[in-house]
Every structure is written in C-alpha cells, then in structure tokens.
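Undergrad: Here it is: the structure, laid out below.
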Amino acid sequence: MPIHLSVIGIFFGADLDIHKETSVRDVLNTAREAAEAGLIMNVSKFDYHDDGKAVFAFGATYKNKFQSKVLKNEYDPGEYYLADDSDAKPVRRVWQYYVSDKNGKPRINRPIAFLNDTRAVVPAGGTLTWRMVSILAGPHAAPTAGSAS
C-alpha cells in the first residue's frame with residue numbers, strides 16, 4: 001500500500017509510490033520528486049522548506065481549478081504557499097505533523113519529533129499529515145465584551 005501525504009492549509013494530498021517504512025523527510029522528498037515528474041494529478045510543484053530540523057513552510061502549485069475535499073470550496077490554479085511565524089508574539093503559528101498506520105491508528109513516536117529524528121517513521125500504507133497550529137508564546141488574555149480581538 002502506498003503512503004499518503006496530506007498538507008492541510010495548502011490543500012495538498014497524494015498517494016506516494018512508497019511501500020515500506022520510511023522517514024518523514026523521505027516522504028516529503030518523494031512528494032517533491034513525484035510532482036516534478038508529473039505524477040501527482042493537477043500538481044506541477046510541491047516543495048517544503050526546513051532549517052535542518054523543523055519544516056517552516058510548504059508550497060504547492062496547481063495547474064487547474066480544484067475543490068477542497070472537506071469544505072468543497074473551489075480554488076483557482078496557482079501557487080499556494082504557507083509559512084509559519086514561529087517568532088511572532090503572543091501567538092505563534094508552527095507546522096506540526098501526525099503519523100498514522102494503514103488503519104488510521106495514530107502512531108506516537110514522542111511528543112516532538114523533528115525531521116532528523118530516526119524514530120519518526122511513516123509505516124507502509126500509513127499517512128503523514130501536516131497542519132499548522134497556533135500556540136501561545138506567553139500570556140494572552142481573552143478580549144473583553146465589545147472589544148475587538
């Protein structure tokens with residue numbers, strides 16, 4: 001069974017020709033190569049940027065209009081790029097990933113697994129899902145009634 005890669009936020013999803021347990025980085029590199037070779041429907045480019053340890057941006061270029069799988073909204077062709085803002089305050093946005101096995105059961109390697117973590121592997125037939133999350137960098141009070149957030 002192929003490994004499925006999904007990047008929430010840029011609407012990217014692909015079944016990749018990987019049929020063995022492999023690293024997170026290998027999954028991302030395979031997706032990049034598959035897009036360049038024209039093997040991913042409607043995608044001419046897929047890329048990610050990292051600092052050697054953590055991913056800070058993803059991008060995908062779509063050749064034609066497409067529909068999101070969840071909301072069914074239609075999107076125009078073009079480049080969709082989303083980067084973190086891990087230095088922002090009080091709210092930081094960072095990329096985080098989840099790995100599940102072929103049955104959809106989550107596989108937890110450890111609380112934080114970076115790209116170079118040899119224990120962070122995607123099983124054959126599994127899914128690697130990236131999503132951007134917001135975390136606080138310090139105290140952040142709720143807005144008072146009637147005020148803007």
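Undergrad: Within segment 16-24, is even one residue closer than 14 Å to Leu128 by Cα, assigned to a strand (DSSP E or B), at pLDDT 95 or above and touching a His at 6+ places or on another chain (Cβ under 8 Å)?
TA: The answer is yes, given that some residue of segment 16-24 is closer than 14 Å to Leu128 by Cα, assigned to a strand (DSSP E or B), at pLDDT 95 or above and touching a His at 6+ places or on another chain (Cβ under 8 Å).
Undergrad: Could I ask something else about it? Would you say Thr118 is among the polar types (S, T, N, Q) and under 18 Å from the mean Cα position of the chain (by Cα)?
TA: no
Undergrad: Among Val55, Val7, which is of a type outside the set (S, T, N, Q) and modelled with pLDDT under 95?
TA: Val55
Undergrad: Can you name every residue in segment 29-54 that is crowded, with 16+ Cβ neighbours inside 10 Å and under 25 Å from Asp76 (Cβ atoms)?
TA: Correct list: Ala31, Ala34, Ala35, Ile40, Val43, Phe46, Asp47, Tyr48.
Undergrad: Among the residues in segment 69-86, are any open to solvent by less than 100 Å² (accessible area, probe 1.4 Å), assigned to a strand (DSSP E or B), closer than 30 Å to Lys20 by Cβ and at pLDDT 95 or above?
TA: Yes - at least one qualifying residue is present in segment 69-86.
Undergrad: When you scan segment 43-98, how many residues do you find that are in contact (Cβ under 8 Å) with a residue 40 or more places away in the chain and acidic (Asp, Glu)?
TA: Of the residues in that region, 2 qualify.
Undergrad: Continuing with the same structure: Would you pick out the residues in segment 30-56 that are within 20 Å of Lys20 (Cβ to Cβ) and of a type in the set (Lys, Arg)?
TA: Listed by number, the list holds a single entry, Arg32.
The values are calculated or read from the model by the stated rules, or taken from the named source; none is laboratory data. This is a predicted model, so every value here is computed, not measured. Neighbour counts run over all protein chains shown; Cβ positions are idealised from the backbone, glycine included. Note: areas computed on protein heavy atoms with side chains; ligands, DNA, RNA excluded. Shrake-Rupley method; radii C 1.70, N 1.55, O 1.52, S 1.80 Å.
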